Amino acid sequence: MPSRRLLVMAAGTGACNNLVRSLRAGAAGVYIVGCNDDRFTLKQSSADSLYLTPPVTAAEFESALLRLLDQEKVDLVIPSGDGDVLALSTLRDKLGSRCFLPDARVIDLCQDKLDLTRFLAARGVPVPATYAVAHLDKVGAIFKQLGRPRPLWCRVRAGSRSLGAAPVNTVRQARAWIRYWEEMRGIPADRFTLSEYLPGRDFMCMSLWRDGQLVLVTTFEKLSYFGGESHPSGTSSLSSLAKTIRDDRLVDISNQAILAISPKASGAFSVDLKENAEGVPCITEINAGRFFIGMTAFDQVSKHNISTTYVRLALQESLDLEDVYVTVPDHYIVRDLDTLPGVFSAEALFAGVNPALAPGRS
């Protein structure tokens, strides 16, 4: 790949530093600019140059971003979170080829989990049965509609990192949980949903597309979670331990969903899936326009560098991938605060780790 100048948003986070390492490993001579509205996090970035920018929701963001792109002669902007994607989507006419995103209507649909779930359900894609909480007085009726078994899953219909998510066993619990978020965080009841609880394995499917054609796909399973023990659910959206797996079901269901929402899909799509009681993977969320950036650490063991492939797709460079399903199975990522993520094969995971000595031995 020729030398390129890239802008990485939300620079300095651990996940974005993973992305920077992957981009450098995949392309010699790449120059990376980092921006963030948090000067302290930005200082942690390993990008070549750093810029403090206004928040993406601020009126000043547009002019600041456009000046930065011109000054640094940036070829491509890479978003980090859904807020970045939405901000870039509204500026796509001014950014031109410097952003690589799905259609605006696709992004809007995916950023409302309830609308997305209803859309996919109507087209036969496996999703959890889900109802909107129009008012706290309606919670009891939703419990009757969903029936048994319990718990049910309560969450906010927009946002990231499992915002407002918790399992609830009773109408009283659900009302109390939603009321707490109303009173303490200002999130009204009608922003919540109640849905079927999915008890099975927890998966991620990350793919790249061009004009409705799947270019590259990789799949993972979450095994443990950051702060899970502190959450009512015992889980979170951030995995502390995950592994690569090959499971055609995940690819088939994710592809079905992506093509349903965008028959001419282009860009990155990251799909969360969880198995229901019958073991069927159901889609719980689609992040349109971005990676699971924390998972780009797996680029070092993938058949193809996903981050670099994204850049090449965005810049209309030719690609010749023999196998689009690039996952090399049975590799684990171990993540913790204040450490680089470790990526290990199953064989290497326990190498050099000795059992504790039995009593009386030395």
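Brief remarks on what is shown
- Counting only Cα atoms, the chain measures 67, 59, 42 Å along its principal axes, largest extent leading.
- The peptide list 131-137, 112-118, put in order of mean Cβ contacts within 10 Å with the highest first, becomes 112-118, 131-137.
- Take each peptide in 180-193, 78-91, 11-24, count the other Cβ atoms within 10 Å of every residue, and average; sorted highest first, the result is 11-24, 78-91, 180-193.
- Of the two radii for segment 314-362, the radius of gyration is 1.27 times the Kirkwood radius, both from the alpha carbons; that is the Rg over Rh value.
- Prolate/oblate/rounded call for segment 1-115, Cα gyration tensor, a/c under 1.5 rounded: rounded
- Database remark: amide H of Thr284 closer than 5 angstrom to the amide H of Asp272, Leu273, Lys274 (H placed geometrically; neighbours at sequence offset of 5 or more, or on other chains; Pro and chain starts carry no H).
- Per-residue ellipticity at 222 nm from helix content only, as computed over the chain with -39500 (n - 2.57) for each DSSP H run of at least four residues, stands at -8500 deg cm²/dmol.
- Cα gyration tensor category, rounded, prolate or oblate, for segment 246-305 with a/c compared to 1.5: oblate
- Of the residues Leu216, Pro128, Ala176, the one whose Cα sits farthest toward the positive end of the charge dipole of segment 72-228, with +1 on the Cβ of Lys and Arg and -1 on the Cβ of Asp and Glu, is Ala176.
- Dipole-positive endmost among Leu109, Leu6, Ser97 within segment 1-119 (Cβ charges, Cα centre): Leu6
- Computed about its Cα centre, the charge dipole of segment 127-192 is approximately 180 debye, with only Lys, Arg, Asp and Glu carrying charge at their Cβ.
- Solvent exposure ordering (accessible area, 1.4 Å, most first) of Ser266, Ser207: Ser266, Ser207
- Residue with peak Gaussian network fluctuation, the chain [Cα springs, cutoff 10 Å], from Gly140, Gly267, Gly26: Gly140
- Spin-label zone in segment 278-315 - amide nitrogen under 18 Å from a point set 7 Å from the Cα of Ala129 along the C-beta vector: 278-284
- Only Lys, Arg (+1) and Asp, Glu (-1) charged, at Cβ; the chain dipole about Cα centre in debye: 660 debye
- Radius, Kirkwood style, for segment 35-103 when every pair of distinct Cα atoms is counted (Å): 12.5 Å
- Listed residue (Val33, Val334, Leu76) projecting farthest to the positive dipole end of the chain, Cβ model: Val334
- The Cα-based radius of gyration and maximum Cα-Cα distance (Dmax) for segment 272-333 are 14.3, 44 Å.
- Residue order by solvent-accessible surface for Thr41, Thr244 is Thr41, Thr244, largest first, with ligands and nucleic acids left out and a 1.4 Å probe.
- Extension gain (nm, one decimal) between Thr41 and Asp211, 0.36 nm per residue minus Cα-Cα: 57.6 nm
- When +1 charges are put on Lys and Arg Cβ atoms and -1 charges on Asp and Glu Cβ atoms, the dipole computed for segment 90-158 relative to its Cα centre reaches about 220 debye.
- Here the Karplus curve 6.51 cos²θ - 1.76 cosθ + 1.60, taken at θ = phi - 60°, turns the phi angles of segment 15-29 into couplings of 5, 5, 5, 4, 4, 4, 4, 5, 4, 5, 5, x, 8, 5, x Hz, with x standing for Gly and Pro.
- Extension gain from Ala158 to Arg5, taking 0.36 nm per residue of separation minus the Cα-Cα distance: 51.8 nm
- Applying the Karplus relation 6.51 cos²θ - 1.76 cosθ + 1.60 with θ = phi - 60° to segment 207-221 yields 3J(HN,Hα) values of 9, 10, 9, 9, 6, x, 10, 5, 9, 7, 8, 8, 9, 9, 10 Hz, where x marks Gly and Pro.
The values are calculated or read from the model by the stated rules, or taken from the named source; none is laboratory data. No experiment lies behind these values; they were computed from the predicted model shown. Cβ: placed from backbone, ideal geometry, glycine included. Neighbour counts: every protein chain shown. With ligands, DNA and RNA removed, areas are computed over all heavy atoms of the protein, side chains included. Shrake-Rupley method; radii C 1.70, N 1.55, O 1.52, S 1.80 Å.
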